[in-house]
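Written below as structure tokens is the structure these notes are about.
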Amino acid sequence: MFSTPSWSSLHLTYLCIHSFIPFTFLLHSIYTLYPSIHPSVHTSSPGCLRQEVLQLQLSAKASPKGVRNGVKGESGASDDDPTSDILSHGSSASECTSVVEEAVGGEQVDELTAQEETEDKLKQCIDNLMDKSAKTRLAGLESLRQAFSSRVLYDFLTERRLTISDCLERSLKKGSVEEQVAAAMVFTLLCIQLGGGDEAEEGFKMLRPIFTAILIDNSASIAVRQSCARALGVCCYVSTSEEGEDLIKSLALLESVFTSSYPNREGTLPTPKPGSPALHNAALQAWSLLVTLCPASRLAVLLDLHLPKLQACLQSSDVNYRITVGETIALLVELRRDIDEDFEVEDSESMCECLKSLATDSNKHRAKNDRRKQRSVFRDVLHYIESEDFTEEKIRFGVESVYIDSWMRRRIYDAFKEILESGVRHHLQFNPLLRDIFGLGLPLILDATVKANKISRFEKHLFNSAAFKARTKQRNKVRDKRADVM
């Protein structure tokens, strides 16, 4: 644009972006250093240089990192027009929009490529389940566990569910302790992925006899029995209906496990065997999850049978089992009150005294974290038993949220969170099964074009900055006499 050799768009851009010097002072300094480019020397409009400086500043800010923009052609806009800078930025914004549209298309291609790569890796993991090496099989199970918990893979797994189920059955029957535990976890995730339909029910009927055999086998590993109890509860909850045969059998089986912790005829608690509290804890959690599916007629029977004995188990020596017992008591009372609003707990004074002592427990022989966790849970249980008060919790995921406003919803959410771990929010957002359980409706579809067309905070800043400079420039023509000189 100018004939002076030392004058370059790079210098101008650097001064505009990386300095906090007012624009007028900067322009005056440029005229002083390079008098040959003063408007008095050229016949072009004095607003051309000013317009080009602003245009360079905006285009340099709008461009990605590492990309240099050359000097654009001289604009024909007059310095008397206050909207010329805004229009200039408008053209830059349109260019950004086209780039965004291309990026969206590129993202779609990248997403398809990533999906194909993921499916290839999953196929390899499934093949690894049939490998002779126990280490390879265990690595395949761990990879599937991570993939199933962090993604929704219904279409991929529907075609391969029988193959995966056969491999998991083989691992449960003949694998090591670590392999059996991992296989039970992966099968639970498989049922969640399949959405509780006929496919999940078919797989559950295939593996339920194996879970049963392991649970009743006192010689089996405690860790394996614990994993099978958890898998039995979640898989039965997902794949069976109310009053179904599988539900009744699963409840009875789980009861046979944790009732061994009940007090004897003399009213004393049995001495726990090594690892048994953890097994009783897993069985009671799975049982309480299935209780939420029971009809009203069966709930009354279960409450009368288990509530007094569960109250005695509040004196258990294991803190985690005590907490699970307290939550189960609150759940049973809540379910009973939903049926009969006038329901009153028998010997409620004795129960409240026991709950109050646990809510204020300060025994130094207990670990500090255990005391803190126990006090927090039993305060909530006590408040609910006394005044039906429940501490509501809000779980946010994406642009949505789910409210945990009852003991039943807490038990269900905790059960899925224990299996899905950090992927529970992803499944709440995209898994139709969990969305149906928590009443969230169909998964939301966020249009990529809507995201692309949404004005970013940086673009808003550029637009407002250009508009502000245009207004200031127009006002300064009236207020500042130096504008006539410039």
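Confirm whether Glu400 is under 30 Å from Asp110 (Cβ atoms), under 24 Å from the mean Cα position of the chain (by Cα) and touching a residue at least 24 places away in the same chain (Cβ under 8 Å).
yes
Which is open to solvent by 40 Å² or more (accessible area, probe 1.4 Å) and assigned to a helix (DSSP H, G or I), of Ala231, Ala183, Ala200, Ala213?
Of Ala231, Ala183, Ala200, Ala213, the one residue that is open to solvent by 40 Å² or more (accessible area, probe 1.4 Å) and assigned to a helix (DSSP H, G or I) is Ala213.
Quick one: count up the residues across the range 417-432 that are in contact (Cβ under 8 Å) with a residue 60 or more places away in the chain and in a helix (DSSP H, G or I).
10
Have a look at Leu207, Leu141, Leu189 and point out the one that is crowded, with 21+ Cβ neighbours inside 10 Å and either in contact with a His (Cβ under 7 Å, 6 or more places away or on another chain) or touching a residue at least 60 places away in the same chain (Cβ under 8 Å) (or both).
Result: Leu189 is the single residue among Leu207, Leu141, Leu189 that is crowded, with 21+ Cβ neighbours inside 10 Å and either in contact with a His (Cβ under 7 Å, 6 or more places away or on another chain) or touching a residue at least 60 places away in the same chain (Cβ under 8 Å) (or both).
Taking Ile385, is it aliphatic (A, V, I, L, M), within 30 Å of Glu142 (Cα to Cα), out of contact with any Phe, Trp or Tyr (no Cβ under 6 Å at 6 or more places or on another chain) and part of a helix (DSSP H, G or I)?
Spelling it out, it is not the case that Ile385 is aliphatic (A, V, I, L, M), within 30 Å of Glu142 (Cα to Cα), out of contact with any Phe, Trp or Tyr (no Cβ under 6 Å at 6 or more places or on another chain) and part of a helix (DSSP H, G or I).
Yes/no per residue for (1) touching a strand residue (DSSP E or B) at 6+ places or on another chain (Cβ under 7 Å); (2) part of a helix (DSSP H, G or I); (3) open to solvent by less than 60 Å² (accessible area, probe 1.4 Å); (4) at pLDDT below 90:
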position	(1), (2), (3), (4)
Leu303	no, yes, yes, yes
Leu310	no, yes, yes, no
Cys313	no, yes, yes, no
Asp342	no, no, no, yes
Glu346	no, no, no, yes
Arg371	no, yes, yes, yes
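Identify all residues within the range 234-262 that are of a type outside the set (Asp, Glu), open to solvent by 30 Å² or more (accessible area, probe 1.4 Å) and assigned to a loop (DSSP other than H, G, I, E, B); write none if there are none.
Within the range 234-262, just Ser241 meets the criteria.
Going through Phe390, Phe438, Phe430, Phe468 one at a time, which residue ends up being open to solvent by 70 Å² or more (accessible area, probe 1.4 Å), of a type in the set (Phe, Trp, Tyr) and at pLDDT 65 or above?
None of the others qualify; the one that does is Phe430.
The values are calculated or read from the model by the stated rules, or taken from the named source; none is laboratory data. Not measured: the values here are computed from a predicted model. Note: ideal-geometry Cβ built from the backbone for every residue, glycine included; neighbour counts use all protein chains shown. SASA here: full protein model, heavy atoms, side chains in, ligands and nucleic acids out. Shrake-Rupley method; radii C 1.70, N 1.55, O 1.52, S 1.80 Å.
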